[in-house]
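In what follows, a single structure is set out as structure tokens and then discussed.
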Amino acid sequence: MNTLNQSIVVCFALKEEAAPFHQIAAGRPGVFTIIVGIGRANAEKSVRRFLAAASPKLVLTCGFAGGLNPDLKLGDVVFECEKRKAESGNLEGRLLAAGAKPVKFFCADRIASTAMEKWKLCVDTGADAVEMESAAIHAVCAEKNIPCMTVRVISDAAHEDLPLDFNALAKPDRSIAFGKLAWAIAKSPSKIGALMELRKKTNFAAKQLAAVLEKIISE
């Protein structure tokens with residue numbers, strides 16, 4: 001694990017979020033990708049276990065985010081620096097140069113499935129985007145004095161409803177219960193088209209995120 005020291009560690013909740021970047025980063029010295037699972041508890045457990053044997057120079061918490069600010073659109077790459085910026089170098093400037101936008105995130109305990117839910121979160125929190133893991137990852141990194149930054153991509157805009165309530169389809173570990181998913185589709189076969197469109201959008205978003213991450217790790 002010594003090779004992990006002074007590396008950049010890039011965290012994703014899901015392999016689907018990570019796939020385009022993983023192809024780019026594969027074989028690059030000093031860049032490691034880990035899948036931490038959905039939600040704070042999974043993220044904290046995974047990152048804490050990983051950092052028990054490594055001391056990277058930077059941790060990035062990446063993946064999809066739901067738009068709360070109506071100005072953000074599908075594929076926009078957004079970021080938020082930790083409050084303490086020591087040792088983070090010029091990463092913020094590189095992100096801006098790569099086209100990423102500074103925002104305020106809210107780390108939620110559930111997926112914001114509807115436009116109404118997103119609107120309420122925007123009003124209540126003042127955040128521009130919502131995700132589910134970064135607060136836990138930042139907290140673990142702060143304990144270990146490791147710089148951390150959130151870099152995400154908008155996978156569904158503020159005005160969009162998701163085709164299904166994925167919270168209702170989740171297992172206790174927050175992963176999707178495919179039996180429940182199949183049953184939901186069987187009850188509402190009209191959702192198939194919307195789910196295929198969502199997959200197309202998330203594939204596009206993941207590629208947009210990977211393109212920005214490639215630029216900042218290449219510096």
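The values are calculated or read from the model by the stated rules, or taken from the named source; none is laboratory data. What you see is a predicted model; the values in this text were computed from it and never measured. Neighbour counts are summed over all protein chains in view; Cβ atoms, including those assigned to glycine, are modelled from backbone coordinates with ideal geometry.
Observations, loosely collected:
- Scan of segment 191-219 for residues that are hydroxyl-bearing (S, T, Y) and not in a helix (DSSP H, G or I), ordered by number: S218
- Subset of segment 119-157 [farther than 22 Å from R174 by Cα, in contact with a Ser or Thr (Cβ under 9 Å, 6 or more places away or on another chain) and aliphatic (A, V, I, L, M)]: I146, M149
- Test: residue in segment 60-79 that is part of a helix (DSSP H, G or I) and surrounded by fewer than 16 Cβ atoms within 10 Å (Cβ to Cβ): no
- Residues of segment 170-216 that turn out to be at pLDDT below 85 and within 20 Å of A65 (Cβ to Cβ), as a count: 4
- Residues of segment 43-59 classified as part of a helix (DSSP H, G or I) and under 16 Å from the mean Cα position of the chain (by Cα), total: 4
- Wholly within segment 110-190, helices (runs of 4 or more DSSP H) carrying at least 3 residues that are charged (D, E, K, R): 115-125
- The sole residue among F32, F79 that is of a type outside the set (G, A, S) and touching a Pro at 6+ places or on another chain (Cβ under 7 Å) is F79.
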